[in-house]
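To start, the structure itself, in structure tokens.
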Amino acid sequence: MAAVPRDAGSGPAAGARFFCTAGRGLEPFVMREVRARLAATQVEYISGKVFFTTCPDLNRLKKLKSAERLFLLIKKQFPFDVSSVSKGRMCNEMQRLISDDPESWLNAISIWKNLLELDAKKEKLSQRDANPLKRNMGENDIIIAKKSKTEIQENRECQLEKQMEEEILEQGDVITEREEVQEEESENDVAKAVVAHDQGDLTFRVSCRCSGAVAKTFTAQEIGRVIGIALMKQFGWKADLRNPNLEIFIHLNDVYSVVGIPVFRVPLASRAYIRTAGLRSTIAWAMASLAEIKAHGSLKTILPRSQGYSSALRSSAVF
């Protein structure tokens, strides 16, 4: 199994590497859109997926209309050769997706965290700007709460000082070497526990799709279990199938092996403003782009009798 060479300039400074899923035949529309909307570079596609490099900006990425889902790319490799390899060796090859290059995983995780943190900061700033009165009231509440906390802490400190003075008078000021060693050991144990807790804070889930020769040898659940065990051993993460912090997406077939992180929990293809089920939103957007319909354009002359499809196309023509 040989890895596909990485594209140059895939770091955070030059831009992050993403890929979108798309319906068959819609790849050219996605390629054209990512170039126009995101100023993407190194755009390439395979069946059902479009890979590109762009600056990580959630506000711009959310505006994609022709893509189904958006992922942050971790790895893209040639497919696994399952014809002449045993099942146990295949499991080892899958685990090497993580163990051979852990830095690519850590870089992708850092980019993913930065995206979420920047988006959260922007939302907080927008909420503060929209509600200045609430912001002032919240600041006053925080100041009052801090004052009350400081008063409580001062009272506790005074009580502790009195207790310490009484103990010192009773037991003396000398601390034996044995007590010092015990204190150092307890502090080291606490520090180790804190470090272990920080490393294990991240919870994850593996979502797998497989087809072709790989699907005849392994099920999606088996592949997800192999990858999950490798991630736990390599990074110390914890598995959580119901409500994870991070989702790992893996697609294995006879053409490629792709690993990525979903950028959004909700697919890009879901449109909150489409009430009736007509055409799929991505197909409707492609039809509207081919018809060169601008924003708020009318489609009555195109589809005078198909009200459902007309509403879907009209809703999709928001450029």
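Every number in this text was worked out from the coordinates using simple rules, so none of it is lab data. This one's a predicted model, so the numbers in the text were calculated from it and none came from an experiment. All Cβ positions, even for glycine, are placed from backbone atoms using ideal geometry, and neighbour counts span all protein chains on display.
Laid out as a table, the results:
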read-out: Greater than 27 Å apart at Cα, pairs in LYS76/LYS113; LYS49/LYS124; LYS63/LYS124; LYS65/LYS216; value: LYS49/LYS124; LYS65/LYS216
read-out: Sites ASP57 and GLN159, calculated FRET efficiency, Cβ-Cβ separation with R0 51 Å, nearest 0.05; value: 0.45
read-out: Stretchable slack from GLN221 to ASP201, in nm (0.36 nm times residue separation minus alpha-carbon distance); value: 4.8 nm
read-out: Nearest-0.05 FRET efficiency for VAL255 and ASP100, computed from C-beta distance (R0 25 Å); value: 0.75
